[in-house]
Amino acid sequence: MYMIELQNGQRITGEIVKMDKKMLKVKVIALAPITLFSNTLRIGDKVKLDGEEFVIEDVVEGGVKLSKLIFIERKNVKAIKKLESI
């Protein structure tokens, strides 16, 4: 996992999927309580959460693991720090 700090001060935490000279492709992981969803959940389904679209990665005890891919232009990246895994 990495913490990416953007030039505007925003911070994004996620896995770097691809990085080249122009773009950074980051997979952002989010956990949501299973109570937010009323219908049957299947891995791979797309869901909207706070106006953003996520893909269901896994259904874990008490929650749902969601992910989405975001693309960031390298010129907007201020710093990339590797986070220590627990």
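The values are calculated or read from the model by the stated rules, or taken from the named source; none is laboratory data. It should be emphasised that the depicted structure is a prediction, and the values quoted were computed from it without experimental measurement. Quick reminder, even Gly has a Cβ in these numbers, built from the backbone with ideal geometry, and neighbours come from all protein chains shown. Heavy atoms of the whole protein, side chains included, go into the accessibility calculation; ligands, DNA and RNA do not. Shrake-Rupley method; radii C 1.70, N 1.55, O 1.52, S 1.80 Å.
Kindly evaluate residue 29 against the criterion of being modelled with pLDDT under 95, touching a strand residue (DSSP E or B) at 6+ places or on another chain (Cβ under 9 Å), β-branched (Val, Ile, Thr) and assigned to a strand (DSSP E or B). Answer is yes for this residue. Exactly one residue among 15, 5, 57 is surrounded by 14 or more Cβ atoms within 10 Å (Cβ to Cβ), acidic (Asp, Glu), without any contact (Cβ under 8 Å) to a residue 60 or more places away in the chain and in a strand (DSSP E or B), and that residue is 57.
This table checks each residue for (1) among the β-branched types (Val, Ile, Thr); (2) under 19 Å from residue 1 (Cα atoms).
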| position | (1), (2) |
| --- | --- |
| 25 | no, yes |
| 35 | yes, no |
| 38 | no, no |
| 44 | no, no |
| 47 | yes, no |
| 50 | no, no |
| 70 | yes, yes |
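For residue 47, the conditions (1) modelled with pLDDT of 95 or more; (2) part of a strand (DSSP E or B) all hold with the exception of (1). Every condition in (1) within 21 Å of residue 5 (Cα to Cα); (2) open to solvent by 60 Å² or more (accessible area, probe 1.4 Å) is met by residue 77 except one, and the failing one is (2). Taking only segment 36-59 into account, find how many residues are more than 23 Å from residue 17 (Cα to Cα) and among the aliphatic types (A, V, I, L, M). Counting residues in segment 36-59 that are more than 23 Å from residue 17 (Cα to Cα) and among the aliphatic types (A, V, I, L, M) gives 2.
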